[in-house]
Amino acid sequence: RQCHEPCVREFCNPPLSTQELADTLTMAGLEVEELRPVAPPFTKIVVGEIKEAVQHPDADRLRVCQVDVGQGALLNIVCGAPNAALSMKVPCAKVGAMLPGEFAIKPAKLRGVESFGMLCSARELGLSEDHGGLYALPEDAPLGADIRDYLGLDDTLFTVKLTPNRADCLSLEGVAREV
């Protein structure tokens, strides 16, 4: 995991499944009310780097980007994000990718220019409501890495209900200590 909030398993990692861990916490007096995935399902989204971003010849708000996803050839992708910039690393949905909401990525032609993928915002990945532009990744993000693996998105969020006598578990470290 590269860009994430800390998790209980970084403090202690018992040989328990997620459900077994939730049951153990509940039996210890920390009622686990809900388990939910960190991110909605999506596939074939990788770390890409914008190698070139030029103004679209027929659209003021679009840029034609050349994107390196670590497979040798650059992908030609038309992008409307205002923050698309040279050398920026971003999530790139390749042709064949499935975004949240069953949105399939196919080759397309946008105002006469072919596009072979999509550069993604956090909102398009279902990670937040921020739709102000592309989700900027750190400069050291490895090209072609699966975004789910790189960001640690195949994880589960626990909603824990505490009783007033368990103030020792108001922090992640306290919950880990209890585990």
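What Kirkwood hydrodynamic radius, in Å, does the chain give when the mean of 1/r is taken over all pairs of distinct Cα atoms and then inverted?
Answer for the chain: a Kirkwood hydrodynamic radius of 18.3 Å.
Could you name the lysines whose alpha carbon sits less than 26 Å from that of K89, not counting residues in the same chain fewer than 8 places away?
Leaving aside lysines fewer than 8 places away in the same chain, those within reach of K89 are K44, K51, K106, K109.
Whenever you get a sec, compute what percent of the accessible area on the chain sits on carbon and sulfur atoms (1.4 Å probe).
51
In nm, give the distance between the simple-model label positions of T18 and D140, each being 7 Å from the Cα along the Cα-to-Cβ direction.
My value for the distance between the label points is 2.8 nm.
Let's test the formula: R0 of 22 Å, r as the Cβ-Cβ distance of R36 and N83. What FRET efficiency results, to the nearest 0.05?
Result of the calculation: an efficiency of 0.15.
What is the spin-label model distance, in nm, from T163 to A59 if the labels are put 7 Å beyond Cα along the C-beta direction?
About 5.8 nm, to one decimal.
Return the calculated 222 nm mean residue ellipticity for the chain, to the nearest 500 deg cm²/dmol, obtained by summing -39500 (n - 2.57) across DSSP H runs with n ≥ 4 and dividing by the residue count.
Value at 222 nm, helices only, nearest 500: -3000 deg cm²/dmol.
Would you kindly state the longest site-free stretch of the chain, with sites defined as trypsin sites (Lys or Arg not before Pro) in a DSSP loop (not H, G, I, E, B) surrounded by at most 12 other Cβ atoms within 10 Å?
The answer is 112-179.
In Å², what does the accessible area per residue of the chain work out to with a 1.4 Å probe?
Counting only protein heavy atoms, the per-residue value for the chain is 57 Å².
Report the longest stretch of the chain that contains none of the GluC sites (Glu not before Pro) sitting in a DSSP loop with at most 15 other Cβ atoms within 10 Å.
Free of exposed loop sites, the longest segment is 1-101.
Given points 7 Å out from each Cα along the Cα-Cβ axis, report the E129 to A28 separation in nanometres with one decimal.
3.4
Using only Cα atoms, locate the centre of segment 157-179 and the centre of segment 111-154, then give the distance between them in Å, rounded to an integer.
Going from one Cα centre to the other spans 33 Å.
For Cα pairs less than 8 Å apart in space and 6+ apart in sequence, what is the mean separation divided by the residue count of segment 39-179, i.e. the relative contact order in percent?
25
Please give the FRET efficiency for E178 paired with D154, using the beta carbon to beta carbon distance and R0 = 30 Å, rounded to the nearest 0.05.
0.80
Once you've got the GNM for the chain with C-alpha springs shorter than 10 Å, pick whichever of S128, S87, S115 has the biggest mean-square fluctuation.
Residue with maximal mean-square fluctuation among S128, S87, S115: S128.
If you line up the long axis of helix 18-27 against the longest principal axis of the chain, both from Cα atoms, how many degrees apart are they, to the nearest 10?
30
The values are calculated or read from the model by the stated rules, or taken from the named source; none is laboratory data. Predicted model, so just to flag it, every value in this text is computed and none were measured. Methodologically, a virtual Cβ is constructed for each residue, glycine included, from the backbone with ideal geometry; neighbour enumeration extends over all protein chains shown. All accessible areas refer to the heavy atoms of the entire protein, side chains included, with ligands and DNA or RNA removed. Shrake-Rupley method; radii C 1.70, N 1.55, O 1.52, S 1.80 Å.
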